[in-house]
Amino acid sequence: MTPHGDTASPVVLYVCADRAPGAPGAATQHAQTEGHAFARERGLTIAEVVTDMYGEPDPARRRGWRRVRQLVQTGHVTAVLVRWPSAIAPESAHELRHRETAWLHDHGVRVQYTWAPLSSRSGEAL
């Protein structure tokens with residue numbers, strides 16, 4: 001985690017951006033770069049970067065999101081960083097996004113959006 005005396009909070013960076021399998025594309029790379037900058041600016045330590053391909057609306061059916069939940073359940077992270085709400089679930093399935101952010105909140109973990117227009121707002125409110 002963090003060295004003794006360091007106040008950096010461990011977080012997970014969740015990226016669900018690319019629509020095609022294979023090597024990470026520009027969308028994934030941009031989301032990762034943005035997420036790392038967001039964490040650095042706020043003194044957060046990224047414990048793990050978890051990725052999924054974009055397309056499956058239900059986060060519970062994605063391997064990466066299940067890994068995020070596992071990290072939350074074991075108490076390894078204090079927040080989930082994600083670029084924008086649709087990375088968790090698309091607007092057409094917003095109830096799934098609300099289900100997941102509520103679950104995170106119930107486990108004491110917050111969602112923080114790394115995209116500048118959303119980065120000052122809480123994930124649970126969206």
All positions within the range 91-121 that are in a loop (DSSP other than H, G, I, E, B) and among the aliphatic types (A, V, I, L, M): VAL109, ALA116, LEU118
Exactly one of THR51, THR101, THR78 is without any contact (Cβ under 8 Å) to a residue 60 or more places away in the chain and more than 13 Å from ALA17 (Cβ to Cβ), and that residue is THR101
Mind checking which residues of the range 41-75 are in contact with a Gly (Cβ under 8 Å, 6 or more places away or on another chain) and under 18 Å from ALA93 (Cα atoms)? ASP52
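I'm checking my understanding of the structure. Among residues of the range 47-101 that are of a type in the set (Phe, Trp, Tyr) and within 11 Å of the chain's Cα centre (by Cα), which one is modelled with the lowest pLDDT?
If we filter the range 47-101 for residues that are of a type in the set (Phe, Trp, Tyr), which is where we start, we get 54, 65, 84.
With within 11 Å of the chain's Cα centre (by Cα) added as a condition, the list becomes 65, 84.
Numbers: TRP65: 98, TRP84: 92.
So the residue we want is TRP84.
The values are calculated or read from the model by the stated rules, or taken from the named source; none is laboratory data. The shown structure was predicted, so the numbers you read here are calculated from the model rather than taken from an experiment. When we count neighbours, we look across all protein chains shown, and the Cβ atoms used for this are built from the backbone with ideal geometry, even at glycine.
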